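Reading through the structure tokens given below for one structure.
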6 protein chains.
Amino acid sequence: MSDDDFFTPVSALEMPRFAGMPSFMRLPHLTLDSPRIDEVEMALVGVPWDAGTTNRPGPRHGPRQLRDLSTMIRAMNPVTGVAPFTLANCVDLGDVGPNPIDLQDSMDRIENFYDLLTKRGITPMTAGGDHLVSLPVLRGIARETPLGMIHFDAHTDLFDSYFGGFRYTHGTPFRRAIEEGLLDPGRVVQIGIRGTAYNTEDVDWGEAQGVRIIRIEELFDRGIPAVMAEAREIVGTQPTTVLSTSISLIQVMLPAPGRPKSAG
Amino acid sequence: MSDDDFFTPVSALEMPRFAGMPSFMRLPHLTLDSPRIDEVEMALVGVPWDAGTTNRPGPRHGPRQLRDLSTMIRAMNPVTGVAPFTLANCVDLGDVGPNPIDLQDSMDRIENFYDLLTKRGITPMTAGGDHLVSLPVLRGIARETPLGMIHFDAHTDLFDSYFGGFRYTHGTPFRRAIEEGLLDPGRVVQIGIRGTAYNTEDVDWGEAQGVRIIRIEELFDRGIPAVMAEAREIVGTQPTTVLSTSISLIQVMLPAPGRPKSAG
Amino acid sequence: MSDDDFFTPVSALEMPRFAGMPSFMRLPHLTLDSPRIDEVEMALVGVPWDAGTTNRPGPRHGPRQLRDLSTMIRAMNPVTGVAPFTLANCVDLGDVGPNPIDLQDSMDRIENFYDLLTKRGITPMTAGGDHLVSLPVLRGIARETPLGMIHFDAHTDLFDSYFGGFRYTHGTPFRRAIEEGLLDPGRVVQIGIRGTAYNTEDVDWGEAQGVRIIRIEELFDRGIPAVMAEAREIVGTQPTTVLSTSISLIQVMLPAPGRPKSAG
Amino acid sequence: MSDDDFFTPVSALEMPRFAGMPSFMRLPHLTLDSPRIDEVEMALVGVPWDAGTTNRPGPRHGPRQLRDLSTMIRAMNPVTGVAPFTLANCVDLGDVGPNPIDLQDSMDRIENFYDLLTKRGITPMTAGGDHLVSLPVLRGIARETPLGMIHFDAHTDLFDSYFGGFRYTHGTPFRRAIEEGLLDPGRVVQIGIRGTAYNTEDVDWGEAQGVRIIRIEELFDRGIPAVMAEAREIVGTQPTTVLSTSISLIQVMLPAPGRPKSAG
Amino acid sequence: MSDDDFFTPVSALEMPRFAGMPSFMRLPHLTLDSPRIDEVEMALVGVPWDAGTTNRPGPRHGPRQLRDLSTMIRAMNPVTGVAPFTLANCVDLGDVGPNPIDLQDSMDRIENFYDLLTKRGITPMTAGGDHLVSLPVLRGIARETPLGMIHFDAHTDLFDSYFGGFRYTHGTPFRRAIEEGLLDPGRVVQIGIRGTAYNTEDVDWGEAQGVRIIRIEELFDRGIPAVMAEAREIVGTQPTTVLSTSISLIQVMLPAPGRPKSAG
Amino acid sequence: MSDDDFFTPVSALEMPRFAGMPSFMRLPHLTLDSPRIDEVEMALVGVPWDAGTTNRPGPRHGPRQLRDLSTMIRAMNPVTGVAPFTLANCVDLGDVGPNPIDLQDSMDRIENFYDLLTKRGITPMTAGGDHLVSLPVLRGIARETPLGMIHFDAHTDLFDSYFGGFRYTHGTPFRRAIEEGLLDPGRVVQIGIRGTAYNTEDVDWGEAQGVRIIRIEELFDRGIPAVMAEAREIVGTQPTTVLSTSISLIQVMLPAPGRPKSAG
């Protein structure tokens, strides 16, 4: 951690929440060319892209709205007492600019940016974007070693294709990621799966690969502590990504133990 | 059931949800004159009528909005594994056109349409509309034999009259239905009754007729399985109607065992 | 209680909810000069003022919106069977007019109005407004004897100051009230405290004064009955104020036993 | 005019616009039983009723919303220099309570209230409500002498019937009023008629009775001063009603010369 | 024209506007397999597709919303006296189902559908969708003979490419259409061009091809009659398409003189 | 002007409008400590402050919303052909942080920031905020020489006080500015004054000082070119500020001829 307060979020006790440029969590906004970039350990990154949606568009506006609303959040978790931004040097690295009229070109742009982050040893936290965002992100950060995944969502996103064989959609990213060796299916757990279904193709395929799928009914029956204990056991201590997908996607890469530079 | 896929909802794996005419559940839209009407077993019907409201209007727009939003729903229930539209030939039969400036004329129009459905042996599922919609629907389907009813609502709708003796409102349909012999009060259960009250006139009258009224506090205390088991016991195996009333009313006529034509 | 129905809310069985001047709960709207003011036991008062907010403004519009929405509420609680407005003569006394461009002048105007109510023996119920509203209200009603308080909120509002020493904000009213002897900290309980935190300064100070702070996690663990039993024990039978603060603040002064004039 | 400021609207230089009970124009709210009712010359009246609409409902909420928004208006017209409320004693007389589930009963209630105003010599200004509101208002104020009318609207509201012969709708009030002798068609002018049409039945009937119909194209061609000069000439100096109908209806009864009590 | 009223829009004098399936203009909804399809002269078609937008998405929802709102429109133009649906047999042919995750596949699907319409001699009217919709539509209807065009818009949509050479966007369709020989630039007029600009590349290229570009300032200076007279002269009497693009695109193919089957 | 493209707004032909941090006009976001601050000639500054409003609050959210929406604007004016950001080095300098609970402290903070800009020779363009924002801005930039002003607004904001003598509100800034010698009333013109009025005190006082007040009726009668020619003549060639106030305030300081550093 740095000695000064450069990486400390602006407090609303000093500057009103509605004032100032709305960076994620009121952290400093840097680019890969900025002076103190080498001190950065974690980066919040926006991926304003929703070309994978087969349905209602709009998640491309997610990063800007999430930045705006994040200015309402205070810096300490009152239950755990943890103040996350005192544990690592965090910044807002801005958005990866997609190409909204070309899906493949956008996937390349996103993968390339995350590849740069990997090379610099910066752990990313992503705000999307529709769920297809996860695929190029994983390509950029998991080329060498497959990751585990804890995935909170209504849907598995494990389908094969839509509209007669089209394979890159918001319903297919984790099928592709497992096929490409970016995720280790034996260390993948999906929590909260629910809602009306097309069929059981996604669940059948996932379970055949070893993915653990925990429906919302099981979560309600067993309770959050039991389910989360199982999830931690499944992913173990190797590098793991965590995703929570409501309207827009938030994806965090959890570093493996010992990874933080500031701890080194 | 028909051998072809005529009665199968359009899947969003083939046609995006935002495309196509928004029929209920993306089922085929037929009228009583359409070629394959004789194969129809269940019909979704809109009743865009809210002349019984004593308060805020708008449920007349319910059927169109419910159609639009129903295009978001997939065809299989993931918990039970049931895909309802594979069990009976279902269609959207459009709306009953009400007369928005004459309450009695509208009640006649609705009753007449449901009488036609009854004569053709088509089991209706209704989207309203305010709660008064239930009265002319029951007149059309329960003239010969009183029905049982499972009713999910905040209010009993068992009041006698409003504004000095006016007897046809959204707060009175089931009082009228019991008086007219359309509902068998000993087979009526109302679940979830709650909210501020005028007085106890509605509950007192209903319980005197034998209606079982389960307030929300009792539901929370005993749990959903116990309450639903009691509800099933109350209505038994004779024909029963099920209503869920939030903003707009959804009413389904449950056929008695052995009724579906396709089972014959 | 009066013998006629002057203090009875208008019923929606007689006058539609959307009709008529929207006074609180459809009670009569009086001023301190009105003929029957001497019969009034409780008064609903609006304080349309939000100058203490350090964040998003708007609660100044609270009283008018709460009046409008209160016309949707019926007069009897169906669980307890209590019809509150049959127990005391209640009216809507309108708004205290604040000075939206001067915080201190507004505090004086509010204090003075509540001082008048105290002198007339009218128990107030307040609709704000941001949380700073509570301070001048307490100055007006608790000058002689400190009150107990049951406070439902996400935040303690026990901070010392914002923006470099400014002491009158929506985050500081109960610190000031305890300092000024308006609240008896040993009879104050705060229920539901939650959400991200700046630090622990507010909680530390409050607990040091003897305030009982019950976080939302404790409420979920122990249940509402146990927590409310503790809260009643804490405040005892001496005069107590109850606050529920969501967007706008609602504050009720609970009279001590034997206080209502109609009981005398 | 009264000598004191009882009939003067509250100024926002003294009391903020968002504070206080939202009466029309911040005038005093009286009822027909109030002490100073005999001094009243003009009354603003709400008629929250939309049972005549054949289309989207909602104008029943018009009076409450118009009251709320009227608190934004200042008391002087800067172009003419006229401050209307210094010319006559004006008050808000509240709403006529309609019966939202019975069209004829509502028409009777409205007519009876306006008949009372006529007998007391109070000139009404009405905020509706849908356009059918005009018919019972005219029955209440024009039984003895037919009125002239200046009507600003997109539609003539001169149709005969809807839905197979139903004669009381928002599209028929002025046909009924002319048939009933409440309007003198030779002193009726309708300005701004526009929009897609069913047919020409309304216009043909109106012009056959002598109504002057000025379409929006003619207004644009000739200009406002020329059209308004013609309108004034058509209605002359006998009692005339003026209506402007956008979402909700505003209707003013213009007194004949010499009518104001305060001028007597 | 047909002798019966099959092709007549439902009137709101008979069926309320909020009732019934919301087809365009309340016309009959047919498909290319429907019994009376051979009598159809004009078809309203939805193209719910916005993959060409470089900015805010959403026009994919345009056709459904336009259908819903079109139920508010009456069948006669009161200025001209023309009732369009009495002049040709018109229907709603539903939507062309796009592939929201593949731009080229969607362009093929759209072109193929319009090619079918051309072969059947049905003149289409299109509701989009973003402006790229026009390109596959033109490919489907103008393969043999280039069309003239009257285009009402803020932008020329004559740019070459975005994001480094990508040529199919909502800003480029008419550049492509001219390059592909689908539009005759000498018979193209663009009216109302306005708003901030990237540069002059689009205008320069268009004018070099012979396109007549009329900015909004020129329209205001010369007036609508003069500009429209010039526009009619530019397109002449050969087949021409007319587009009006606000949020969603509406495109009509004007048949050349003598084209209507019903006139044959 | 700088030789590189550092001060060039990001083009939506390269980066989609919805992507990237939303600075004003997509200009670089600098602070007074940034490396290239000495090259800056004009700065866009946000003042998120609305403590002067006597009515509805909210303009404190103006700067953030204006930044967001400014990302929709292209860099060239198509009528004049001017691309403003090629004429001077412009940046977004972020917000002046106000103190939302203390009016005088906020005025000091704003004045101090603008005083810094003046000392550095940076010409500011301000986005507010309510109209009181103008007073501390003028104190910061016009201490030495009174400015002329072209003011587009509905109101003169020349009142003396509200609520019994309170002198700092959104209705009084220019009265204060003239009294303090910050504006030269003989070089002030207010255009578009309209709407209902309290009285004529503001206009009378302003005209007595020599302010030229052009009501909206005069603007419509004489036309924009004539009025703007008069306005230019009034302010002459000395330093002048231009304000346009709709919901939020935009204020530009027009440099006197020869002022731009890049021209030097």
- Query: Here are some conditions: (1) within 7 Å of another protein chain (Cβ to nearest Cβ); (2) surrounded by 20 or more Cβ atoms within 10 Å (Cβ to Cβ). E:Ser11 meets all but one. Which one does it not meet?
  - Reply: (2)
- A:Met149 meets each of (1) among the aliphatic types (A, V, I, L, M); (2) outside any helix (DSSP H, G or I); (3) more than 22 Å from A:Gly121 (Cβ to Cβ) with one exception, condition (3)
- Starting from segment C:82-109, keep only residues that are touching a residue at least 40 places away in the same chain (Cβ under 8 Å), then list their pairs with residues that are of a type in the set (Asp, Glu) and part of a loop (DSSP other than H, G, I, E, B) whose Cβ atoms are within a distance under 6 Å, requiring at least 6 positions of separation or different chains. C:Ala88/C:Glu41; C:Asn89/C:Glu41
- Tell me, please, whether a residue that is closer than 30 Å to B:Tyr168 by Cβ and under 21 Å from the mean Cα position of the chain (by Cα) can be found in segment C:4-21. yes
- Note down all Cβ pairs under 6 Å where the first residue falls in segment C:141-167 and is within 14 Å of chain F (Cβ to nearest Cβ), the second is of a type in the set (Val, Ile, Thr), and they're at least six residues apart or on different chains. C:Phe159/C:Thr172; C:Tyr162/C:Thr54; C:Tyr162/C:Thr169; C:Phe166/F:Ile101
- Message: Can you tell me which condition D:Gly181 does not meet? The list is (1) under 19 Å from D:Leu135 (Cα atoms); (2) in a helix (DSSP H, G or I), and all the others hold.
- Response: (2)
- Message: I need the full set of residues from segment B:220-234 which are in a helix (DSSP H, G or I) and either in contact with a strand residue (DSSP E or B) (Cβ under 6 Å, 6 or more places away or on another chain) or farther than 16 Å from C:Pro78 by Cβ (or both), in order please.
- Response: B:Arg222, B:Ile224, B:Pro225, B:Ala226, B:Val227, B:Met228, B:Ala229, B:Glu230, B:Ala231, B:Arg232, B:Glu233, B:Ile234
- Message: If D:Asp115 satisfies all but one of (1) more than 30 Å from B:Val133 (Cα to Cα); (2) buried (at least 22 other Cβ atoms within 10 Å of the Cβ); (3) in contact with a helix residue (DSSP H, G or I) (Cβ under 6 Å, 6 or more places away or on another chain), what's the number of the condition it fails?
- Response: (2)
- Task: Being of a type outside the set (Ser, Thr, Tyr) and within 13 Å of chain A (Cβ to nearest Cβ) is the filter here, so list the residues in segment C:168-189 that pass it.
- Result: C:His170, C:Gly171
- Report yes if C:Leu243 is crowded, with 21+ Cβ neighbours inside 10 Å, on the phi < 0 side of the Ramachandran plot, assigned to a strand (DSSP E or B) and touching a Leu at 6+ places or on another chain (Cβ under 7 Å), otherwise no. yes
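Rundown of residues vs (1) assigned to a loop (DSSP other than H, G, I, E, B); (2) touching a residue at least 40 places away in the same chain (Cβ under 8 Å); (3) touching a Lys or Arg at 6+ places or on another chain (Cβ under 8 Å), yes/no style:
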site: F:Pro16; (1), (2), (3): yes, no, yes
site: F:Met25; (1), (2), (3): no, yes, no
site: F:Leu32; (1), (2), (3): yes, yes, yes
site: F:Pro35; (1), (2), (3): yes, no, no
site: F:Leu44; (1), (2), (3): no, yes, no
site: F:Pro48; (1), (2), (3): yes, yes, yes
site: F:Gly52; (1), (2), (3): yes, yes, no
site: F:Gly62; (1), (2), (3): no, yes, no
site: F:Leu66; (1), (2), (3): no, yes, no
- Are any residues in segment B:68-87 surrounded by fewer than 17 Cβ atoms within 10 Å (Cβ to Cβ) and in a loop (DSSP other than H, G, I, E, B), and if so, which ones? B:Met72, B:Ile73, B:Asn77, B:Val79, B:Thr80, B:Gly81, B:Val82, B:Leu87
- Note on the structure: (1) in a loop (DSSP other than H, G, I, E, B); (2) more than 14 Å from chain A (Cβ to nearest Cβ) all hold for E:Arg56 apart from (2)
- Task: Quick one: which residue in B:Ile101, B:Ile110 is in a helix (DSSP H, G or I), of a type in the set (Val, Ile, Thr) and closer than 28 Å to C:Ala12 by Cα?
- Result: B:Ile110
- Item | Any hit, segment F:26-46, residues being among the hydroxyl-bearing types (Ser, Thr, Tyr), over 20 Å from the mean Cα position of the chain (by Cα) and under 30 Å from D:Glu14 (Cβ atoms) | no
- Message: Please verify whether C:Asp102 is buried (at least 23 other Cβ atoms within 10 Å of the Cβ), closer than 28 Å to F:Phe166 by Cβ, within 8 Å of another protein chain (Cβ to nearest Cβ) and touching a strand residue (DSSP E or B) at 6+ places or on another chain (Cβ under 8 Å), treating the condition exactly as stated.
- Response: no
- Task: Provide a single number: the residues in segment C:31-53 that are buried (at least 19 other Cβ atoms within 10 Å of the Cβ) and either β-branched (Val, Ile, Thr) or closer than 20 Å to D:Leu30 by Cβ (or both).
- Result: 4
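Yes/no per residue for (1) within 14 Å of chain E (Cβ to nearest Cβ); (2) hydroxyl-bearing (Ser, Thr, Tyr); (3) more than 23 Å from A:His29 (Cα to Cα); (4) over 17 Å from the mean Cα position of the chain (by Cα):
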position	(1), (2), (3), (4)
A:Ser70	no, yes, no, no
A:Ala75	no, no, no, yes
A:Ala88	no, no, no, yes
A:His131	yes, no, yes, no
- Query: Out of F:Leu132, F:Leu183, which single residue is in contact with a Gly (Cβ under 6 Å, 6 or more places away or on another chain), in contact (Cβ under 8 Å) with a residue 24 or more places away in the chain and surrounded by 20 or more Cβ atoms within 10 Å (Cβ to Cβ)?
  - Reply: F:Leu132
- Message: Can you find, within segment C:199-216, the residue that is surrounded by the fewest Cβ atoms within 10 Å (Cβ to Cβ) among those that are free of Cβ contacts under 8 Å to residues at least 12 places away in the same chain and within 11 Å of another protein chain (Cβ to nearest Cβ)?
- Response: C:Thr200
- Query: Where residues in segment E:176-235 are within 19 Å of the chain's Cα centre (by Cα) and on the phi > 0 side of the Ramachandran plot, which of them is modelled with the highest pLDDT?
  - Reply: E:Gly181
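The values are calculated or read from the model by the stated rules, or taken from the named source; none is laboratory data. Quantities reported herein were computed from a predicted structural model and do not represent experimental measurements. All Cβ positions, glycine included, derive from the backbone under ideal geometry; neighbour counts span all protein chains shown.
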